[in-house]
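Some notes on the structure that comes next.
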Amino acid sequence: MLHKTLPALLLGAALLPFPLAAQNAPTTRFEGRDIFALQVATDPQISPDGKHVAYVRRQGDIMTDRQKGGIWLVDTTTGVQQPLVSDASQPRWSPDGKRLAYIASDNGKPQLFVRWLDQGTTIRVTTLPDGPQSVTWSPDGTSIAYVMRVPADPAKLGKAPDKPEGAEWAKPLEVIDRIDYRADGGGYVQPGYDHIFLVSAEGGPPRQLSFGDYQDGGPLSFTPDGRAILFSAVRKPDWQQKVFDPEIYALDLASGAIAPLTSRDGPDVAPAMTTAAPQDALAQEFVAFAVDTGVLRFGEFKTKAGRLSPYFFNAGLFDDGLKVGRLAQFYAQRLLDSGLAFDMIFGPAYKGITLAAAVSIEL
């Protein structure tokens, strides 16, 4: 009986689909659908104390065919991660590290939010018609600057006749009058220009800081004293023909004056101010003294060589005993901090003689 059963078993096995086991096993090949399973970490932001990193974890949404991101926190000591906010971007730490600003959708429009990490409470700071970009805290943590498009009326060519009630006409004629009318990955540029705004970190009406038919771009950077914002733009009469030649500008918050800091050929972007080291606090105090006395001014000044400068230092305004005495204190303290051994103070003519005498008195 065995000699009849064995051939039947062999024949049955031969008739089975050969790759049956392979069909049921998971494939190791990367396929198109796997794109939606990929996760990418972007925009890492280190907390001021270095103990945490906030970043955006992005993943494709198969139902909407678009990328969605959420903000996560990583403990730099343990490596433990925890989700913080879903469908959000641009996490930015406050200077004291107690709050986190970010952008999230509210009723379909991106808005600026601030979250108190210790308490877990969140407030919506803005109610904007368009999405803010380049979110940046002021050094004292009281304000937040950002870039947003200011809409404008599109260019028009003539006026269409009145449309009869119930008529179905073609879409209105679209007139393009800009060289930079289209952007890679962004499509047609909407009418309007990107400008810089400032809003209280606790909410309230934002204040527009920059104006004009220019595209002001981020990232933004406050000066350490919080009195000016650095940004990049092409603020030149023929800027549309020189979109790849931006310069760095300083925007004075008090006056609104905008002065270029660079003037070379080629792109100058992404300004970042360095904060003075603790041992250089004397320098910060001196700059504040120079500004308060009017010796140091910011704006747009033309030097004797014809170069534009964003500041002007007029030492001739150290013109009374109190100012010279205070100036001498700065010099004396810097000499003492340097640790240099010296037995003479030399002051070249003419102002230097008076200053050397004053410094000697302070020492």
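Among all residue pairs at least 6 apart or on different chains, which show Cβ distances below 7 Å where the first residue, located in the stretch 321-344, is surrounded by 13 or more Cβ atoms within 10 Å (Cβ to Cβ) and the second is part of a helix (DSSP H, G or I) and of a type in the set (S, T, N, Q)?
Val324/Thr354
Given the condition out of contact with any Cys (no Cβ under 7 Å at 6 or more places or on another chain), of a type in the set (Ser, Thr, Tyr) and in a helix (DSSP H, G or I), answer yes or no: does some residue in the stretch 254-263 qualify? Spell out the reasoning first.
At the first step, the residues of the stretch 254-263 found to be out of contact with any Cys (no Cβ under 7 Å at 6 or more places or on another chain) are 254-263.
Imposing the further condition that a residue be of a type in the set (Ser, Thr, Tyr) reduces the set to 255, 262-263.
Now restrict to residues that are in a helix (DSSP H, G or I): none.
No, the conditions are met nowhere in the stretch 254-263.
Working only within the stretch 46-63, note down all residues that are more than 30 Å from Gly32 (Cα to Cα) and either among the hydroxyl-bearing types (Ser, Thr, Tyr) or outside any strand (DSSP E or B) (or both).
Within the stretch 46-63, Ser47, Pro48, Asp49, Gly50, Lys51 qualify.
Exactly one condition in (1) crowded, with 16+ Cβ neighbours inside 10 Å; (2) of a type outside the set (Gly, Ala, Ser); (3) free of Cβ contacts under 8 Å to residues at least 40 places away in the same chain; (4) over 19 Å from Asp49 (Cβ atoms) is not met by Thr121; state its number.
(1)
Which ones in the stretch 287-301 are of a type in the set (A, V, I, L, M) and either assigned to a loop (DSSP other than H, G, I, E, B) or at positive phi (or both)?
As a first pass, look at the stretch 287-301 and keep what is of a type in the set (A, V, I, L, M): 287-288, 290-291, 295-296.
Across the stretch 287-301, the qualifying residue is only Val295.
Do we find that Val85 is modelled with pLDDT of 80 or more, among the hydrophobic types (A, V, I, L, M, F, W, C) and either touching an Asp or Glu at 6+ places or on another chain (Cβ under 7 Å) or more than 26 Å from Thr126 (Cβ to Cβ) (or both) in this structure? Spell out how you get there, then give the answer.
Details: modelled with pLDDT of 80 or more: yes; among the hydrophobic types (A, V, I, L, M, F, W, C): yes; either touching an Asp or Glu at 6+ places or on another chain (Cβ under 7 Å) or more than 26 Å from Thr126 (Cβ to Cβ) (or both): no.
Criteria not met by Val85.
Tell me which of these Leu209 doesn't satisfy, since it passes every other one: (1) modelled with pLDDT of 80 or more; (2) touching a Pro at 6+ places or on another chain (Cβ under 8 Å); (3) among the aliphatic types (A, V, I, L, M); (4) closer than 30 Å to Asp238 by Cβ.
(2)
Residues to consider are Lys304, Lys323; find the one that is part of a loop (DSSP other than H, G, I, E, B), among the charged types (D, E, K, R) and out of contact with any strand residue (DSSP E or B) (no Cβ under 9 Å at 6 or more places or on another chain). Give the steps one after another, and end with the answer.
Details: Lys323 fails: part of a loop (DSSP other than H, G, I, E, B).
Exactly one residue qualifies, and that residue is Lys304.
Taking the stretch 80-116 as the search range and keeping residues that are touching a residue at least 24 places away in the same chain (Cβ under 8 Å) and either acidic (Asp, Glu) or not in a strand (DSSP E or B) (or both), which one is surrounded by the fewest Cβ atoms within 10 Å (Cβ to Cβ)?
Here the answer is Asp96.
The values are calculated or read from the model by the stated rules, or taken from the named source; none is laboratory data. Everything numeric here is computed off the predicted structure, so don't read it as measured data. We place every Cβ from the backbone using ideal geometry, glycine too, and count neighbours over all the protein chains shown.
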